[in-house]
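Below: one structure, written as structure tokens.
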Amino acid sequence: MVPFLSKIVPEELIHMSLKTVIAQIRWKDFFNIKSLFFIALGNLIYALGVVMFILPNGLITGGTTGLGLFMYHQFGVPVSTFVAIFNVVMFVLGFAFLGASFAMSTLVSTFIYPAFLAVFQNIPQLRSMTDDPLLAVIMAGLMIGFGLGLVVKVGASTGGMDIPPLILNKKFGLSVSVGLYFFDFAILLTQMMFTNRENVIYGILLVLIYTVVLDKVLLMGEKQMQVKIISEQYQAINEAILTQLNRGSTLLKAETGYHKKDGFVVMSIVSKRELNRLRQIVGEIDPVAFMIVNQVNEVRGRGFSLAKKYE
């Protein structure tokens with residue numbers, strides 16, 4: 001083995017046959033039409049946000065695009081060209097350190113994002129949306145966050161600067177989120193060489209906006225309401241939830257704090273639309289029932305991530 005190569009690429013990968021590599025890939029995930037559609041759509045929206053709002057207004061950002069802006073201003077390398085080269089390099093590193101299946105999940109983004117950038121940059125109408133830098137930051141943040149969210153939500157990656165923090169996490173146990181913020185901040189600092197301090201502030205605001213939007217997209221459509229009901233009429237309430245709302249429930253053993261009476265707490269998960277109906281049902285059965293309502297970010301299982309089972 002070449003000594004230099006052994007420092008970069010794991011030895012087991014170098015000795016791995018092509019047949020073994022192919023066998024490790026989850027092809028059913030890679031060829032999932034729904035996933036491919038959302039990966040393509042997310043990258044399209046991401047590229048549009050960059051071309052319509054970031055490039056025309058001279059804004060700065062983090063990630064691979066931020067590095068591309070730095071290379072463009074310092075060496076005249078087109079953003080789409082740099083992004084394409086950098087994504088390929090990161091793809092190879094992801095393959096080496098994170099496995100074949102992960103690398104395949106980034107393959108579409110690796111090539112389709114710079115392709116979208118190159119196409120949209122040749123459409124002059126897209127470069128004259130607004131001259132207001134604050135409006136451009138807000139719109140770019142919304143579009144980039146939404147686009148990234150669509151890609152990540154289907155379990156894929158946009159490649160590029162997503163990969164170094166993941167490698168550091170695997171090799172040294174460093175937090176992925178901390179790594180992402182560190183690289184984004186460092187990339188923003190490099191762009192101070194060709195921009196003013198106000199643009200740096202806009203860049204920080206842009207990163208904050210698309211990070212918040214990304215988190216919202218990842219949780220979109222999954223938030224449900226958890227309801228805990230304390231009542232002496234728990235049996236009737238439980239039956240009503242099962243029959244009238246067609247929702248599951250769980251009876252939790254409990255003891256009242258003052259009178260020390262044994263009883264049960266009815267716990268159920270319902271959608272926001274069903275919550276008002278549940279309030280009405282409980283109010284009709286026991287007007288003095290004690291209800292605790294919490295919003296939960298994700299629910300998995302029968303009736304939510306899996307189809308209901310009827311027996």
Exercise. Can you name the condition, by its number, that residue 71 falls short on among (1) in contact with a Ser or Thr (Cβ under 8 Å, 6 or more places away or on another chain); (2) at pLDDT 70 or above?
Worked result: (1)
For this session: List the number of the failed condition for residue 82; all other conditions in (1) open to solvent by 50 Å² or more (accessible area, probe 1.4 Å); (2) within 16 Å of residue 161 (Cβ to Cβ); (3) of a type in the set (Phe, Trp, Tyr) hold.
Result: (1)
Exercise. Which one of these does residue 269 not meet: (1) closer than 23 Å to residue 153 by Cβ; (2) hydrophobic (A, V, I, L, M, F, W, C); (3) at pLDDT below 90?
Worked result: (3)
For this session: Would you mention how many residues in segment 121-138 are surrounded by fewer than 19 Cβ atoms within 10 Å (Cβ to Cβ) and part of a helix (DSSP H, G or I)?
Result: 9
Seminar exercise, completed: Flagged in segment 152-182 as touching a residue at least 60 places away in the same chain (Cβ under 8 Å) and of a type in the set (Val, Ile, Thr), in numbering order, are 152, 154, 158, 163, 167
Problem set entry | Condition met for residue 282 (at pLDDT 85 or above and hydrophobic (A, V, I, L, M, F, W, C)) | yes
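The values are calculated or read from the model by the stated rules, or taken from the named source; none is laboratory data. As the structure is a computational prediction, the values presented were derived from the model and not from experiment. Please note: Cβ atoms are built from the backbone with ideal geometry, for glycine as well, and neighbour counts cover all protein chains shown. Just so you know, the surface numbers come from the protein's heavy atoms only, side chains and all, with ligands and any DNA or RNA stripped out. Shrake-Rupley method; radii C 1.70, N 1.55, O 1.52, S 1.80 Å.
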